[in-house]
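Colleague: Structure in structure tokens, see below.
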Amino acid sequence: MNSQTAVKLGRRLRQLDTMLEQHYSVIWDCCCDHGLLGMSLLQRKLADKVVFVDILSPQMALLEQDLQGRFPPDDFNWQVICQDLKDLEVPEAESQLFIIAGVGGNKIIQFIESLCAAMQGLPFDLLLCSVHGNYAVRKALIEHGFGLKQEQIIFENNRFYEAIYVSQNSIQPIVATGSSMWNEFDPDHQKYWQKTLAHYRKKASADPAKFAAVVEDYEKLFIIASGQSKISI
């Protein structure tokens, strides 16, 4: 397959891909696995350089081989780094985006904290898609001074995901439960809200001090009345 062949993405990666339109100096595709999203962004020339980062050495060796064949280094600027994101040394660049997807909320929060510590005074953007724990992820983003650029609910293979695109240069507030991503007329969104609320109610029954406020936030998000749902945002 040559570099001109379109990179095939599943629904989740495709929606993440379409959220990005801004050009960056460097895009970091972190926890990249097969590197498909980074390849698509490389093909779209959305960055001067795309860096693929993952800790799995066999996977990264295969990815580098694939990139050599599909995106010749003479024509495309990319780099493969086999390293834990927490230990990453990030050089200065005019604009940088870190994409972190396919891992849990606690891991993403660790990455956010390590990146903020490593890049003090250097603003950067994040595109996040956690497999769970989005409320805590959003709280961490708020604490570190990020603002919202865009957010979406993604449904793929009977699972819900939240895509959260943020920037330290954005002044749009982040809401812990999500805000603009909710569509009150979408049955899938109502289903996702009900599933999320049930999850946190269960946690609150075991640890009310920690999760009661979370339940209250989600309860206020949808108002159920007379068989109709409305989002209170």
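The values are calculated or read from the model by the stated rules, or taken from the named source; none is laboratory data. These figures come from a predicted structure and were not determined experimentally. Quick reminder, even Gly has a Cβ in these numbers, built from the backbone with ideal geometry, and neighbours come from all protein chains shown. Side chains included, ligands, DNA and RNA excluded: accessible areas come from the protein's heavy atoms. Shrake-Rupley method; radii C 1.70, N 1.55, O 1.52, S 1.80 Å.
Colleague: Using θ = phi - 60° and the Karplus form 6.51 cos²θ - 1.76 cosθ + 1.60, what ³J(HN,Hα) does each residue of segment 47-58 get, whole Hz, x for Gly and Pro?
Modeller: 3J(HN,Hα) across segment 47-58, in whole Hz: 8, 5, 8, 10, 10, 9, 10, 7, 8, 8, 5, x.
Colleague: What figure in square angstrom, to the nearest 10, would you give for the accessible area of Phe98 with a 1.4 Å probe?
Modeller: Approximately 0 Å² for this residue.
Colleague: Something else about it: From the Cα gyration tensor of segment 131-220, with a ≥ b ≥ c the square roots of its eigenvalues, which class applies: rounded if a/c is under 1.5, or else prolate if a/b is larger than b/c, or else oblate? Walk me through the numbers before you get to the answer.
Modeller: On the way: a/c = 1.95, a/b = 1.18, b/c = 1.65.
Because a/c hits 1.5 or more and a/b fails to exceed b/c, segment 131-220 counts as oblate.
Colleague: Which is farthest toward the positive dipole end of the chain among Phe76, Pro208, Ser40, measuring Cα position about the Cα centre, with Cβ charges +1 (Lys, Arg) and -1 (Asp, Glu)?
Modeller: Pro208
Colleague: Let me ask something additional. How big is segment 18-117 on each of its three principal axes, counting only the C-alpha atoms and giving the largest first in Å?
Modeller: Sorted largest first, the three principal extents are 36, 31, 26 Å.
Colleague: Using 0.36 nm per residue, how much length does the chain from His144 to Glu21 gain when fully extended, once their Cα-Cα distance is taken away?
Modeller: Values: separation 123, 0.36 × 123 = 44.28 nm, distance 2.39 nm.
Here the answer is 41.9 nm.
Colleague: Ignoring ligands, DNA and RNA, what percent of the 1.4 Å accessible area of the chain is carbon and sulfur? Before the final figure, lay out the partial values.
Modeller: Numbers: 5740 of 11860 Å².
Roughly 48 percent, rounded to a whole number.
Colleague: Using amide H atoms built in the peptide plane, which far-off residues or other-chain residues are under 5 Å from Phe76 H to H?
Modeller: HN-HN under 5 Å from Phe76: empty list.
Colleague: Let me ask another. Taking the 0 to 90 degree range and rounding to the nearest ten, how far is the long axis of helix 208-221 tilted relative to the main principal axis of the chain, both from C-alpha atoms?
Modeller: That helix lies at roughly 90 degrees to the long axis.
Colleague: Here's a follow-up. Length gain on complete extension for the stretch Asp66 to Cys82, per 0.36 nm per residue less the alpha carbon to alpha carbon distance?
Modeller: So the extension gain works out to 4.2 nm.
Colleague: Right, next: Share of Cα-Cα pairs in the chain beyond 23 Å, in percent?
Modeller: Details: 13716 of 27028 pairs.
The proportion of pairs with Cα distances above 23 Å equals 51 percent.
Colleague: For the Cα atoms of the chain, what angle does the longest principal axis make with the long axis of helix 105-118, in degrees from 0 to 90, nearest 10?
Modeller: In the chain, helix 105-118 runs at an angle near 60 degrees to the longest axis.
Colleague: In the chain, once you exclude exposed GluC sites (Glu not before Pro) (DSSP loop, at most 11 other Cβ within 10 angstrom), what's the longest stretch remaining? Please list the in-between numbers first.
Modeller: Numbers: sites that count: Glu21, Glu89, Glu92, Glu94.
For GluC sites (Glu not before Pro) (loop position, at most 11 other Cβ atoms within 10 Å), the longest site-free span of the chain is 95-233.
Colleague: Follow-up question, since we're still on this one. Which whole-angstrom value gives the distance between the alpha carbon centres of segment 1-43 and segment 136-183?
Modeller: After rounding, the separation between the Cα centres reads 20 Å.
Colleague: A further question follows. For segment 90-174, compute the orientation-averaged projected area of the C-alpha convex hull (one quarter of its surface), in nm².
Modeller: Over all viewing directions, segment 90-174 projects a mean Cα-hull area of 5.3 nm².
Colleague: Name the residues whose placed amide hydrogens come within less than 5 Å of the amide hydrogen of Phe52, ignoring near sequence neighbours (fewer than 5 apart) on the same chain.
Modeller: Asp29, Gln79, Val80, Ile81
Colleague: If each of Asn169 and Asn183 carries a label point 7 Å out from its Cα toward its Cβ, how far apart are those two points in nm?
Modeller: In this crude label model, Asn169 to Asn183 measures out at 3.0 nm.
Colleague: Would you kindly state how much longer the chain becomes between Lys203 and Glu216 on full extension, computed as 0.36 nm times their sequence separation minus their alpha carbon distance, in nm to one decimal? Working shown, then result.
Modeller: Details: separation 13, 0.36 × 13 = 4.68 nm, distance 1.27 nm.
Going from the current span to full extension adds 3.4 nm.
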